[in-house]
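Visitor: Before we start, here is the structure in question, set down as structure tokens.
The values are calculated or read from the model by the stated rules, or taken from the named source; none is laboratory data. On a predicted model such as this, the values are computed, not experimentally measured, just so you know. Cβ atoms come from the backbone with ideal geometry, glycine included; neighbour counts cover every protein chain shown.
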């Protein structure tokens, strides 16, 4: 019980705190006493908040300690927390007044001993193997002679120098280096980004896409090589569209990227040897194959020449075969010309026979011929052939009728043209211009005055008809008289 002024009811002088004051006092004490500690324990209840902060618990057989890692520190952790992982967390103790809990704010996280690392490695290896990332069926063949070699490694150190030196000795190629960290915080992400970056390059771009990749690092402890066991690196290697050679550590060091890569090299130098052949050996082999090919061709040519010569000896002389063929050709040419002339003469005779006939007469003749042929067919065969003949007769009759109509139309046009020409040349056109035709008693036209006898009966034809006339006597010529000349010349009419 307390009095109204806030002092204890029993009269003691103990201070009275609010909940917030007591929580802040505890927070100051805890953070002051345990400003920087390292705690070993097993990760439990791990989760990543949407804000990027990490929350989990560290536990052992006796107690449980809450842990939190802020987003800015989480990206720099050497390993990613997982449930069941034994770790050593380093940071400072603090309290969370909202729930009356104390917790460690993690600044650094390390695996607790090689045993834990190996256990984590085996568990991760089993999980990724179940997904098929290590299957031999998905591994791609390496190009025999790549144009460009991409290398993912540290830009400093002996690894890149060994690779470049070995490539230069065996078969100089263009090398593209993507520098990355090969151990420590963020190394796994940089390696994965480098593999994905090489795959995103365009083959025809300013930086051409490599034909083969080498991911390399020198030897080291399990902790040093741990970046190549991270899941992000393994998945990037498995998803690479470019054939990938892993060369991490020494021959006895095996990392998970070695299992996901298309080819594993025991050392970085061996990776360069796998990537390209020896140029001198390749030249020697090419020359050997060239010699073998030339020898094989010469041998085959000689064998076939011998075989052709042997077959040729069993054949008659080519000149004799050509002579016989030429004679046969001359004979056929003469027979063809003779046959063509005979056929042409026969066709001309047929045309000459048909030429005097008019279309109607020609049609009648063809109908008679068809009727005769139909009779013969009726005598030889029953209705089948008769029907065919009738159909052929009908078709021919129709063709003849069309030909007759065309001929009549053509002849009519020619007659009309001739009539127009005749009308243009007729003397009646002259009569229409005021002239007349003089005829004698026998109706013969008279073309000169000398042909007209005195007193002869004449016929005069004008444009609109004829009229009779008689020729008058021809006057004697006389000298002209002076003065009035009234006598004049006698008229013809």
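Visitor: Just to be sure I understand, how many residues within region 137-163 are touching a residue at least 12 places away in the same chain (Cβ under 8 Å) and under 15 Å from residue 217 (Cα atoms)?
Guide: So the answer is 12.
Visitor: Name the residue that is nearest to residue 360 (Cα to Cα), counting only residues in region 375-393 that are modelled with pLDDT of 75 or more and in contact with a helix residue (DSSP H, G or I) (Cβ under 9 Å, 6 or more places away or on another chain).
Guide: 393
Visitor: Continuing with this model, one more query. Can you name the condition, by its number, that residue 82 falls short on among (1) modelled with pLDDT of 80 or more; (2) surrounded by fewer than 16 Cβ atoms within 10 Å (Cβ to Cβ); (3) not in a loop (DSSP other than H, G, I, E, B)?
Guide: (3)
Visitor: Taking region 55-74, which residues are under 16 Å from residue 84 (Cβ atoms) and either out of contact with any strand residue (DSSP E or B) (no Cβ under 6 Å at 6 or more places or on another chain) or touching a residue at least 40 places away in the same chain (Cβ under 8 Å) (or both)?
Guide: 58, 61
Visitor: Among the numbered criteria (1) out of contact with any strand residue (DSSP E or B) (no Cβ under 8 Å at 6 or more places or on another chain); (2) part of a helix (DSSP H, G or I); (3) at pLDDT 75 or above, which one does residue 20 miss?
Guide: Looking at each condition in turn, residue 20 falls short on (3).
Per-residue answers, yes or no, for (1) within 13 Å of residue 142 (Cβ to Cβ); (2) surrounded by fewer than 19 Cβ atoms within 10 Å (Cβ to Cβ); (3) touching a helix residue (DSSP H, G or I) at 6+ places or on another chain (Cβ under 7 Å):
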| site | (1), (2), (3) |
| --- | --- |
| 225 | no, no, no |
| 229 | no, no, yes |
| 241 | no, yes, yes |
| 261 | yes, no, yes |
| 272 | yes, no, yes |
| 280 | no, yes, no |
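Visitor: Failed condition for residue 193, given (1) in contact with a strand residue (DSSP E or B) (Cβ under 9 Å, 6 or more places away or on another chain); (2) within 30 Å of residue 81 (Cα to Cα); (3) part of a loop (DSSP other than H, G, I, E, B), with all others met?
Guide: It is condition (3) that residue 193 fails.
Visitor: Out of contact with any helix residue (DSSP H, G or I) (no Cβ under 6 Å at 6 or more places or on another chain), farther than 30 Å from residue 108 by Cβ and assigned to a loop (DSSP other than H, G, I, E, B): does that describe residue 145? It would help to see each step written out before you state the result.
Guide: Numbers: out of contact with any helix residue (DSSP H, G or I) (no Cβ under 6 Å at 6 or more places or on another chain): yes; farther than 30 Å from residue 108 by Cβ: yes; assigned to a loop (DSSP other than H, G, I, E, B): yes.
Criteria met by residue 145.
Visitor: Of 116, 127, which residue is surrounded by fewer than 15 Cβ atoms within 10 Å (Cβ to Cβ) and either at pLDDT below 85 or under 26 Å from residue 194 (Cβ atoms) (or both)?
Guide: Going through 116, 127 in turn, the sole match is 127.
Visitor: If we keep just the residues of region 457-493 that are within 25 Å of residue 431 (Cα to Cα), surrounded by 13 or more Cβ atoms within 10 Å (Cβ to Cβ) and out of contact with any strand residue (DSSP E or B) (no Cβ under 7 Å at 6 or more places or on another chain), which is modelled with the lowest pLDDT?
Guide: Checking each candidate, the answer is 492.
Visitor: Out of all the residues in region 148-160, which are part of a loop (DSSP other than H, G, I, E, B) and surrounded by fewer than 16 Cβ atoms within 10 Å (Cβ to Cβ)?
Guide: 155, 156, 157, listed by residue number.
This table checks each residue for (1) surrounded by 10 or more Cβ atoms within 10 Å (Cβ to Cβ); (2) more than 30 Å from residue 246 (Cβ to Cβ).
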position	(1), (2)
277	yes, no
292	yes, yes
299	yes, yes
304	yes, yes
314	no, yes
332	yes, yes
338	yes, yes
341	yes, yes
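Visitor: Quick check: anything in region 196-205 closer than 18 Å to residue 266 by Cα, without any contact (Cβ under 8 Å) to a residue 60 or more places away in the chain, touching a helix residue (DSSP H, G or I) at 6+ places or on another chain (Cβ under 8 Å) and assigned by TED's automatic domain parsing to the domain that holds residue 272? Working first, answer last.
Guide: Taking region 196-205 and keeping what is closer than 18 Å to residue 266 by Cα, we get none.
Scanning region 196-205 turns up no residue that is closer than 18 Å to residue 266 by Cα, without any contact (Cβ under 8 Å) to a residue 60 or more places away in the chain, touching a helix residue (DSSP H, G or I) at 6+ places or on another chain (Cβ under 8 Å) and assigned by TED's automatic domain parsing to the domain that holds residue 272.
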